[in-house]
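For reference, the structure discussed in these notes is given below.
Values in this text are rule-based calculations from the coordinates and carry no lab data. Treat the numbers as computed from the prediction; the structure is a model and nothing was measured. Cβ placement follows ideal geometry from the backbone for every residue including glycine, while neighbour counts extend to all protein chains displayed.
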Amino acid sequence: DEVEELAKHLPDSWDWRNHGAVTRVKDQRMCGSCWAFSAIGCLEGAHFLKTGELVELPEQLLMDCSWDAGNGGCLGGDMSNALNWIKEVGGVTTSIQYGRYYAENGRCHLDKKHLISPIKNVTQVARSVNALKVALVNHGPLSVGIATPPDFQLYKNGVYKPSEWGETDHGVVLVGYGVLNGEKYWLVKNSWGENWGMEGYILISAEGDTLNILDSAYYVTMQ
């Protein structure tokens with residue numbers, strides 16, 4: 001199996017922040033736009049891998065403009081819908097070009113003269129720990145969906161290992177993996193500001209399919 005073969009050569013730990021592929025922690029505020037932050041975090045990483053430039057890209061653009069792809073701005077959306085919409089449109093503009101995030105649905109004002117980050121392919125990763133690791137190291141930060149049990153919001157540090165969880169209901173960015181005190185973890189960037197968790201990040205147990213993290217993981221390749 002190709003994935004298992006590639007997995008043999010993976011480093012013991014990985015953190016895309018150390019390689020320049022991750023922007024600052026952002027804050028979605030009182031708006032159900034996690035899907036846009038998850039998709040954009042993945043795209044920012046892919047753009048960096050392709051160009052060597054780390055540029056902030058606009059979640060607000062996806063919220064305002066991708067309704068015809070089945071997304072609903074602050075009412076929720078889907079990361080694969082968002083990434084495939086970007087692929088169809090031919091890219092996004094920078095955050096500076098589009099305008100700041102304001103946690104409300106706005107009017108789409110996408111200027112297609114300024115498009116960057118055209119996507120060639122959106123790929124869902126096979127549902128295994130090694131497949132996610134291989135995809136992450138080779139293709140950049142992944143857009144992933146997770147479940148958020150009630151105590152998820154209270155997370156402060158350490159490896160989060162809940163005993164049970166429900167349906168996938170939140171989009172985040174997978175940026176690394178490692179081991180802490182013998183516990184394997186995924187390093188995940190959230191979009192609840194720097195005051196949440198470990199300066200905006202959480203370590204999620206990488207035992208099995210914790211929080212459904214293996215079930216909807218995506219990467220993009222750039223044109």
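Given a Förster distance of 30 angstrom, what is the FRET efficiency for SER163 paired with ASN18, based on the Cβ-Cβ distance and rounded to 0.05?
On the way: r = 32 Å, r/R0 = 1.06.
After rounding to 0.05, the efficiency reads 0.40.
Under 4.7 Å Cβ to Cβ, no partner at all: give me those cysteines from the chain, in residue order.
CYS34, CYS42
Which one of TYR218, PHE152, ASN121 has its Cα pushed farthest toward the positive end of the charge dipole of the chain, where Lys and Arg give +1 and Asp and Glu give -1 at the Cβ?
Towards the positive end, the residue furthest out is ASN121.
Dipole size in debye (nearest 20) for the range 2-222 around its Cα centre, Lys and Arg Cβ +1, Asp and Glu Cβ -1?
The dipole of the range 2-222 has a size of about 560 debye.
Treat every Asp and Glu Cβ in the range 109-179 as -1 and every Lys and Arg Cβ as +1, leave all other atoms uncharged, and give the resulting dipole magnitude about the Cα centre to the nearest 20 debye.
So the dipole magnitude of the range 109-179 works out to roughly 380 debye.
Could you please report the charge total around GLY178, scoring K, R as +1 and D, E as -1 over all other residues with beta-carbon less than 11 angstrom from its beta-carbon?
-1
Expressed in nm to one decimal, what extension gain is obtained for the pair GLU207 and LEU75 from 0.36 nm per residue of sequence separation less their Cα-Cα distance?
Full extension of this stretch gives 44.4 nm more.
Taking trypsin sites (Lys or Arg not before Pro) as candidate sites, keep only those in a DSSP loop with at most 13 other Cβ atoms within 10 Å, then name the longest stretch of the chain containing none of them. Write down the numbers at each step before the final one.
Numbers: sites that count: LYS8, ARG24, ARG100, ARG107, LYS156.
The longest uninterrupted stretch comes out as 25-99.
Can you give the local net charge around PRO150? Use residues other than it whose beta-carbon is closer than 14 angstrom to its beta-carbon, Lys and Arg +1, Asp and Glu -1.
Charge balance near PRO150 sits at -4.
Assuming R0 = 35 Å, can you tell me the calculated FRET efficiency for the pair LYS8 and CYS108, based on Cβ-Cβ distance, to the nearest 0.05?
It comes to 0.15.
Can you grab the distance from the C-alpha centre of the range 143-162 to the C-alpha centre of the range 1-37, Å, no decimals?
Between the Cα centre of the range 143-162 and that of the range 1-37, the gap is 16 Å.
Find out how many positive minus negative residues lie around LEU110, taking Lys and Arg as positive, Asp and Glu as negative, among other residues whose Cβ is under 14 Å from that of LEU110.
Residues near LEU110 contribute -2 overall.
With bins 5 Å wide starting at 0, give me the P(r) of the range 2-222 over every alpha carbon pair, in whole percents.
Histogram of Cα-Cα distances, whole percents per bin: 1, 7, 16, 21, 21, 16, 10, 5, 2, 0, 0.
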